[in-house]
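The values are calculated or read from the model by the stated rules, or taken from the named source; none is laboratory data. Quick caveat: nothing in here was measured; it's all calculated off a predicted structure. Using ideal geometry, Cβ is built from the backbone for each residue, glycine included, and neighbour counts are taken over all protein chains shown.
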Ligand code: NAP
């Protein structure tokens, strides 16, 4: 499989060997790389399969390096306070990976999401983590060693697995939304916000959570005005962010409205959004040049259906409190893929660490006789 967008993520030569792994980590966000740091230091020689490279996954916005890759400045990750971190960041990320990171605004500092996840990845690689590309599309957890098959036809055998595949952005499900994807409709403000089509134009962000507010704030750098369209009369976002949105000179919140149609034409792309009032069902059209969705996420667990216990929303179930065990012995879950509640970089990293320690303990106690 050739991938023009992320060619540097492919390391095919490493995967031509076929041997049994002690630990395979599936994913490439903070949970996966933190698990890899701990597992490498414990001499488990982990192999990370950093997927989300197939066109199907890209279309779902399940991009490599997880949700952090889609985030602007990260102010709440311990060890990275806002402030001038320029020199540290500039010298810590390998030159051949710099293309993954958007440029900073002049004078802006603090760590960005892409920088943070690159640093964690670099730390894992430094300790000997091996990395390969490809999306895992099939698993056999019926007998150990477990078998994983990737979209590019490779088969892996492994004694333990850490699932850290994260979650991808939700879409509204409107036919018009599909029609105008990449023509003014986006689920990633950081990826698309600076495009010329949005510059000095009025645009809409849909959603009322932290992501919606952050995206509206980010997009206000480029757009002349941002309408924050929310279906209720109260934001779900944390108080500090909600206040930011309410007081922002370029953000107007359209309370109690739900998009029912994205309007536009082939030449211009999006030109407006038809909104329904959730209280009285009346309609209004708002002229906008872009619509950004920020309406939550769905876990990337399609390949695990029927193989492992998932909850009603598709998140991996971890049956034992404060453990990363799943319903399958030797398979552990870390990060957003098993977290419907916290979904922070730091909690993902924390559970990644826990999963590596759980995998190590499992190998020592369960597999000691099969070494
Ligand atoms: P979220 O908290 O689940 O919010 C999703 C928003 O989208 C809600 O306001 C919801 O409305 C709305 N929504 C859902 N489905 C919709 C639909 N079909 N049509 C219209 N609106 C819809 O998701 P999130 O904002 O992505 O945040 C996810 C997690 O990450 C949260 O725990 C959040 O705290 C965290 N996060 C933190 C930061 C930060 O700390 N800086 C930044 C980003 C995210 P209702 O409110 O009516 O349900």
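Residues of segment 322-354 being over 20 Å from residue 160 (Cα atoms) and free of Cβ contacts under 8 Å to residues at least 24 places away in the same chain, which ones?
Narrowing segment 322-354 to residues over 20 Å from residue 160 (Cα atoms): 339-347.
Matches in segment 322-354: 341, 342, 347.
Do you know which residues across segment 218-240 are within 22 Å of the chain's Cα centre (by Cα) and either closer than 10 Å to residue 199 by Cα or touching a residue at least 60 places away in the same chain (Cβ under 8 Å) (or both)?
Across segment 218-240, the qualifying residues are 218, 219.
Please list, ordered by first then second residue, the pairs with beta carbon atoms under 7 Å, 6 or more apart or interchain, first in segment 302-316 and surrounded by fewer than 18 Cβ atoms within 10 Å (Cβ to Cβ), second part of a loop (DSSP other than H, G, I, E, B).
From segment 302-316, the pairs are 309/317; 309/326; 309/327; 311/317; 313/340; 314/301.
It is to be established whether one or more residues within segment 326-343 are surrounded by 13 or more Cβ atoms within 10 Å (Cβ to Cβ), more than 16 Å from the ligand (Cβ to nearest atom) and in a helix (DSSP H, G or I).
no
Looking at 168, 153, can you tell me which residue is outside any loop (DSSP other than H, G, I, E, B), more than 9 Å from the ligand (Cβ to nearest atom) and within 24 Å of residue 303 (Cα to Cα)?
Selected residue: 168, the only one of 168, 153 that is outside any loop (DSSP other than H, G, I, E, B), more than 9 Å from the ligand (Cβ to nearest atom) and within 24 Å of residue 303 (Cα to Cα).
Which condition breaks for residue 174 when tested against (1) farther than 18 Å from residue 265 by Cβ; (2) within 11 Å of the ligand (Cβ to nearest atom); (3) in contact with a strand residue (DSSP E or B) (Cβ under 7 Å, 6 or more places away or on another chain)?
With (1) farther than 18 Å from residue 265 by Cβ; (2) within 11 Å of the ligand (Cβ to nearest atom); (3) in contact with a strand residue (DSSP E or B) (Cβ under 7 Å, 6 or more places away or on another chain) applied to residue 174, the lone miss is (1).
Given the condition within 30 Å of residue 38 (Cα to Cα) and either modelled with pLDDT of 95 or more or in contact with a strand residue (DSSP E or B) (Cβ under 9 Å, 6 or more places away or on another chain) (or both), answer yes or no: does some residue in segment 194-215 qualify?
yes
Could you grab me the full set of residues in segment 233-270 that are under 23 Å from residue 191 (Cα atoms) and near the ligand (Cβ under 10 Å from one of its atoms)?
Passing the criteria: 237, 241, 259.
Return the residues of segment 201-227 that are in a loop (DSSP other than H, G, I, E, B) and either touching a helix residue (DSSP H, G or I) at 6+ places or on another chain (Cβ under 6 Å) or within 12 Å of the ligand (Cβ to nearest atom) (or both); say none if nothing qualifies.
Initially, segment 201-227 is screened for residues in a loop (DSSP other than H, G, I, E, B), giving 201, 207-209, 220-224.
Of everything in segment 201-227, those that are in a loop (DSSP other than H, G, I, E, B) and either touching a helix residue (DSSP H, G or I) at 6+ places or on another chain (Cβ under 6 Å) or within 12 Å of the ligand (Cβ to nearest atom) (or both) turn out to be 207, 208, 209, 222, 223.
Could you tell me which numbered condition residue 230 fails, if it satisfies all but one of (1) within 10 Å of the ligand (Cβ to nearest atom); (2) surrounded by fewer than 22 Cβ atoms within 10 Å (Cβ to Cβ)?
Residue 230 satisfies every listed condition except (2).
Among the residues of segment 292-325, write down those that are at positive phi and within 16 Å of the ligand (Cβ to nearest atom). Step through it out loud before you land on a result.
First, the residues of segment 292-325 that are at positive phi: 296, 306, 314, 322.
Of everything in segment 292-325, those that are at positive phi and within 16 Å of the ligand (Cβ to nearest atom) turn out to be 296, 314.
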